[in-house]
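Next up is a structure, given as structure tokens.
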Amino acid sequence: MASAPSKLYADDVSLLVVLLDTNPFFWSSFSLPFSKFLSHVLSFLNSILLLNQFNQVVVIATGCNSCDYIYDSSSATNTDAESGRMPALCSDLLRKLDEFVTRDQHLGEKDSLGPPTSSLLSGSLSMALCYIQKVFRSGPLHPQPRILCLQGSTDGPEQYVAIMNAIFSAQRSMVPIDSCFMGSNNSAFLQQASYITGGVYQKPQQLDGLFQYLSTVFATDLHSRTFLRLPKSVGVDFRASSVFGQPQSDVPSASNVK
């Protein structure tokens, strides 16, 4: 693996970039309502910010047609210290999320080929890495970055090359990609992303306890992970996907060039 960026790290301070799947085709047929899912996610994000006052959270919405930043704790208003609540997170995120979903839906209506059924994961991964690179260049001290994909949509074969490029970019920058996948089948893309970058891939079995999965598996900073036994990747599917939407090939997947 390539060497880390030439900046100093703060061991127990995290920059968590969350990729939030907003695909309406997935959520309309999923057993867990999107509103309930958001409740779990907001509680999780609050817990991250409460673990360390220097922790930073960024949320990127991943739609079918576009991606956008919908929350950045570094530019948010101060929390309500007396009540222990973080109203800015909930109100800002929900407002921008609602605006994003409306825009993304309008973009889909303009598509003559019809709306895609997979989310634009390649776009949100690229945006996350661009944000992290900006943080790397911001000064001599920065938090330990990692990416968490909260995904439910099926893999889009047409995104294979772009996603693999993003994965290898994260690997070179030593940025782990964690994956919490909620779809019916495993995501080969996210399995590879977590395995290659040293992240954690988890497919929750009891979605009513999603917050428990998020808080016990994905809340720990990178330094603390060295002392924990987190889930290991088993049975990772390394078959390459055809860009023409054909079934996965038995030809080994592309690998990065050192």
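Going by the conditions given, is VAL13 surrounded by 20 or more Cβ atoms within 10 Å (Cβ to Cβ) and either of a type in the set (A, V, I, L, M) or modelled with pLDDT of 90 or more (or both)?
no
Here's something else I'd like to know. Report whether or not GLN105 is out of contact with any Asp or Glu (no Cβ under 7 Å at 6 or more places or on another chain), more than 30 Å from VAL13 (Cα to Cα), polar (S, T, N, Q) and touching a residue at least 40 places away in the same chain (Cβ under 8 Å).
Judged against the criteria, GLN105 is a match.
Scan segment 134-152 for residues that are at pLDDT 95 or above and among the polar types (S, T, N, Q) and report the count.
Residues meeting the conditions: 1.
Moving on. Name the residues in segment 216-230 that are under 15 Å from the mean Cα position of the chain (by Cα) and outside any loop (DSSP other than H, G, I, E, B), would you?
Across segment 216-230, the qualifying residues are VAL217, PHE218.
Would you mind stating whether ASN256 is modelled with pLDDT under 90 and out of contact with any His (no Cβ under 7 Å at 6 or more places or on another chain)? Walk me through how you get there before you give the answer.
Numbers: modelled with pLDDT under 90: yes; out of contact with any His (no Cβ under 7 Å at 6 or more places or on another chain): yes.
For ASN256, the condition - modelled with pLDDT under 90 and out of contact with any His (no Cβ under 7 Å at 6 or more places or on another chain) - is met.
Name the pairs whose Cβ atoms lie under 8 Å apart, with the first residue in segment 121-142 and farther than 17 Å from ALA193 by Cβ, the second in a helix (DSSP H, G or I) and β-branched (Val, Ile, Thr), and 6 or more positions between them or separate chains?
Between residues of segment 121-142 that are farther than 17 Å from ALA193 by Cβ and residues that are in a helix (DSSP H, G or I) and β-branched (Val, Ile, Thr), the close pairs are HIS142/VAL135.
Here is a follow-up. Considering PHE168, PHE181, which residue is at pLDDT 95 or above and under 19 Å from SER118 (Cα atoms)?
Testing whether each residue is at pLDDT 95 or above and under 19 Å from SER118 (Cα atoms) leaves just PHE181.
The values are calculated or read from the model by the stated rules, or taken from the named source; none is laboratory data. A quick note: this is a predicted structure, and the numbers were derived from the prediction, not measured. Cβ coordinates were reconstructed from backbone atoms using ideal geometry, including for glycine residues, and neighbour counts include every protein chain displayed.
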